[in-house]
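Structure, as C-alpha cells:
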Amino acid sequence: MPGASVEKKSRGGFPVEVQGHDEGADEDPGAQMAAILPMFVLFFASSALVPVSTMPGWLQPFAQNQPATVTINAVRALFQGGPVYHDLWQSLLWSTGILIVSLVVSLNLYRKATA
C-alpha cells in the first residue's frame with residue numbers, strides 16, 4: 001500500500017510490524033479458539049507423544065489416519081533411517097488437500113468481502 005504507515009508495536013516483548021490490517025485482531029477470543037482447537041485435537045490424538053498402539057481402541061483409527069500422525073511418522077522415518085515412502089506420500093496428500101480446501105474457502109470469503 002503506497003503511503004501506508006508502518007509502526008512498531010510490542011506484543012509479549014516481541015516487536016510486530018503493523019500495516020493497519022492487524023487492528024481488532026485481539027478483540028475476538030472465539031476466533032482464536034476456533035483456530036487453535038483443531039490443532040490441539042490433532043496433536044494430542046496423534047503419534048507425537050505416545051505410540052498409536054497404546055491408545056484406546058476407539059481412538060486408534062482416528063489417530064492413525066490423520067495429518068499429524070502421518071507427518072510425524074514421516075519425519076521420524078527420515079531421521080531414523082526407516083521406511084519413509086508410505087507416510088511421506090500420505091503426508092504430502094494431506095498437505096495438498098488442506099492447501100486446496102483452504103485456498104477455495106479463502107478465495108470465496110475474499111470474493112464475498114470485496115463484492
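Here, each number is a calculation from the coordinates, and none is a lab measurement. Computed from a prediction, not measured in an experiment: that's the story for all the values here. Counting neighbours? That spans all protein chains shown, and the Cβs are built from the backbone with ideal geometry, glycine included.
Would you kindly derive the ³J(HN,Hα) couplings of segment 31-45 from the backbone phi angles with the Karplus curve 6.51 cos²θ - 1.76 cosθ + 1.60 (θ = phi - 60°), listing them in order in whole Hz, with x for Gly and Pro?
In residue order, the calculated couplings are 5, 5, 5, 5, 7, 7, 4, x, 5, 4, 5, 5, 5, 6, 9 Hz.
Can you give the local net charge around residue 68? Use residues other than it whose beta-carbon is closer than 13 angstrom to its beta-carbon, Lys and Arg +1, Asp and Glu -1. Show your work: numbers first, answer last.
On the way: positive: 76; negative: 87.
Charge balance near residue 68 sits at 0.
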